[in-house]
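Report on one structure; see the data block that follows.
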Amino acid sequence: MRLYLRFSKLFASGGSPAVRAAGWGFLARVGAILLLHTFRFPTAQDSFAFGYETGRIARSLALGQGFSNPFHGITGPTAWEAPVYPYLVGGIFKIAGIYTQLSAFLILTMNSLFSALTVIPVYLIARRLFGPRVAGYAAWAWALFPYCMYWAVRWVWETSVSTFLMTTAFWLALELADAQGNRSWRLWLWFGLLSGTVALTNPSCMTFLPCAWGWACFRIWRNREPWLLRATVSACVFLAVIMPWGVRNYRVFREVVPIRGNAGAELRLGNGPEAAGVWMYWLHPTQDVVELQKYRQLGEVDYARMRGREAIDFMRRHPGQTAWLWLKKAAYFWAGVSTASPAPVVSYLKTSLFLASSVLAWWGLALVIARRKYGAFLCSALLLVYPAAYYIVFPHARYRHPIEPLMMILIVYLISEMRARKGNQNA
C-alpha cells in the first residue's frame, strides 16, 4: 500500500495529458484490485476460475510440461489458446507461484497496466481525428470510467492486452497513411510486428488488420507515394512473427494449425439444435465429462474438426434458423445478454447501459460518416468487420472490449458536437 501511495504522488506530477490520464488510470485499477480483493479467486475445481483454460496452460508451462493441458487433468499438447498471454501468465506463475494470491495480484496488475496504457493510443487517435479537446475527454473517460476497468481487474484473460494492441494498431494505421521517407519505413515495420503480436494474442482481432493495411495502402497510393515494397515487407514481418508458432503446431499435431485449433469447437458452441444465440456452455469439455472424454479420445484437432462438422451440418440443414440465430447473436453482441441475478434491477441497468453505449457509438460513427471526417472508413471497418465472427460463433460482453476504446472516442465526439450545437443555438 505504501508503494501504491508513492506511485500516486509520482503520477500526480506533470507530463502530457495522455501520460497523466494513463498514470491515474493505472492507479485507479490497482486500487480497485486492492479494495475489492479481486485477487482472491475461488479454489473450487482446483482453482479453475483462476484463468480457466489460460490458467491451466500457464500452470503446465510453469511446471515444465510445455504448452499443454487446457482442461482438467493431463490432456497433452494444445493450440486451444493463442500463445502470448498464457506465456505471460506462466512466467508470473513461475516467479510467484501457481494459483497463488500473489500471482493473481501481479497478473491483474499487468492487465491493469495494459488497460491504462490504452489511454495513450486513445488520446492520439482522438486528437488526430477530432482535435485535442475530444482527445483529452476521451483519454480521461477511458482512464477512470469503471466499466473500462472491469476486465482488467477481474479476469485473468488476454482481453486487456488485446485491447491495447488493437487500439495501437488502429493509431498506427492512421500514422501510416501520411508518413513519408524513413519514418514510413519504420512505421510499416512496426505495423508488421504489431500485427503479428495481435495475431498471437487474439486471432479474432486479425479480421480488422487487412482493412487497416488496405486503407493505409490506398491513402499512400492516392498521395502518389511509394507503398508496394514497404507494405510487402510489413507483410513479411507479420509472417515471420507468426511462423514459429505455426511450425510448432505442425510438429505437434502434424496438421496445419496457424495459431489456434479450436475454431470448430467454438462454432459448435454457438450453433446447433439447442442454440439460442448465446454460449452453450454444457457442450464445453470443461463443463461436461462426456465432452472431455471425447476430447481425450479423439485428440484436440480431430475433436475440433468433429464439432465443426456438426455445426456446419446443422447450418446447412437449417438455413432459416441459422440466419435467425446470427441476427440474435448480433443483437446480443451490441445489446448485451441478460443473466439470472439475485438483483434483477441491477442486471437490467447493466444491460441498458451496455445497449446505450452501443447506440451512442453508432450514432457518433454516423456523424463521422455524414461529415466525411478523416478516418471514417477505418472507424466503420472496425465496428462492422471485427464483430462479424461473433455473430457466427457466439457473443459475450468481453468480446466487445477490444473495440470499446474507439467506441468511447465516438461517444465523446458525439457528446461534444451535441454540446457545441446546443451552445450555438443558445448564442
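Taken over the range 241-281, the criterion of being assigned to a loop (DSSP other than H, G, I, E, B) and loosely packed, with under 14 Cβ neighbours inside 10 Å is satisfied by 254, 256, 273, 274, 276. Scanning the range 166-199 for residues that are under 22 Å from the mean Cα position of the chain (by Cα), farther than 19 Å from residue 125 by Cα and either surrounded by fewer than 17 Cβ atoms within 10 Å (Cβ to Cβ) or charged (D, E, K, R) (or both) turns up just one, 193. Among residues of the range 285-304 that are on the phi > 0 side of the Ramachandran plot, those with a Cβ under 8 angstrom from a residue that is in a loop (DSSP other than H, G, I, E, B) and at pLDDT 95 or above, sequence gap 6+ or separate chain, pair up as 299/76. Here the helices (runs of 4 or more DSSP H) wholly within the range 82-147 that include at least 3 residues being out of contact with any Ser or Thr (no Cβ under 9 Å at 6 or more places or on another chain) and either aromatic (Phe, Trp, Tyr) or closer than 19 Å to residue 65 by Cα (or both) are 84-96.
Of the set (1) aromatic (Phe, Trp, Tyr); (2) closer than 30 Å to residue 359 by Cα; (3) out of contact with any Gly (no Cβ under 9 Å at 6 or more places or on another chain), all apply to residue 279 but (3). Listed by first and then second residue, the pairs with beta-carbon distance under 6 Å, at least 6 apart or on different chains, first residue in the range 51-80 and at positive phi, second hydrophobic (A, V, I, L, M, F, W, C) and part of a loop (DSSP other than H, G, I, E, B), are 51/156.
Does any residue of the range 307-320 turn out to be in a loop (DSSP other than H, G, I, E, B), surrounded by fewer than 17 Cβ atoms within 10 Å (Cβ to Cβ) and at pLDDT 95 or above? The answer is yes, given that some residue of the range 307-320 is in a loop (DSSP other than H, G, I, E, B), surrounded by fewer than 17 Cβ atoms within 10 Å (Cβ to Cβ) and at pLDDT 95 or above.
Which one of these is among the basic types (Lys, Arg) and at pLDDT 95 or above: 268, 219? First the steps, then the outcome.
Numbers: 219 fails: at pLDDT 95 or above.
Exactly one of 268, 219 is among the basic types (Lys, Arg) and at pLDDT 95 or above, namely 268.
The single residue among 184, 160 that is under 19 Å from residue 398 (Cβ atoms) and either assigned to a helix (DSSP H, G or I) or modelled with pLDDT of 95 or more (or both) turns out to be 160.
Let's see how each residue does on (1) surrounded by fewer than 17 Cβ atoms within 10 Å (Cβ to Cβ); (2) small (Gly, Ala, Ser); (3) without any contact (Cβ under 8 Å) to a residue 24 or more places away in the chain; (4) assigned to a helix (DSSP H, G or I):
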residue	(1), (2), (3), (4)
326	no, no, no, yes
337	no, no, no, no
345	yes, no, yes, yes
349	yes, no, yes, yes
353	yes, no, no, yes
356	yes, yes, yes, yes
360	no, no, no, yes
402	no, no, no, yes
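Can you name the number of the only condition in (1) crowded, with 20+ Cβ neighbours inside 10 Å; (2) under 16 Å from the mean Cα position of the chain (by Cα); (3) in a helix (DSSP H, G or I) that residue 394 fails? Exception for residue 394: condition (3).
Assess whether residue 198 counts as being of a type in the set (A, V, I, L, M) and assigned to a helix (DSSP H, G or I). Against the criterion (of a type in the set (A, V, I, L, M) and assigned to a helix (DSSP H, G or I)), residue 198 qualifies. For the range 60-75, the set of residues classified as over 21 Å from residue 288 (Cβ atoms) and in a loop (DSSP other than H, G, I, E, B) consists of 63, 64, 65, 66, 67, listed by residue number. Restrict the check to the range 282-297 and report whether at least one residue is outside any helix (DSSP H, G or I) and of a type in the set (A, V, I, L, M, F, W, C). Among the residues of the range 282-297, not one is outside any helix (DSSP H, G or I) and of a type in the set (A, V, I, L, M, F, W, C), which makes the answer no.
The values are calculated or read from the model by the stated rules, or taken from the named source; none is laboratory data. Quick caveat, the model's predicted, so the values are computed rather than measured. Counting neighbours? That spans all protein chains shown, and the Cβs are built from the backbone with ideal geometry, glycine included.
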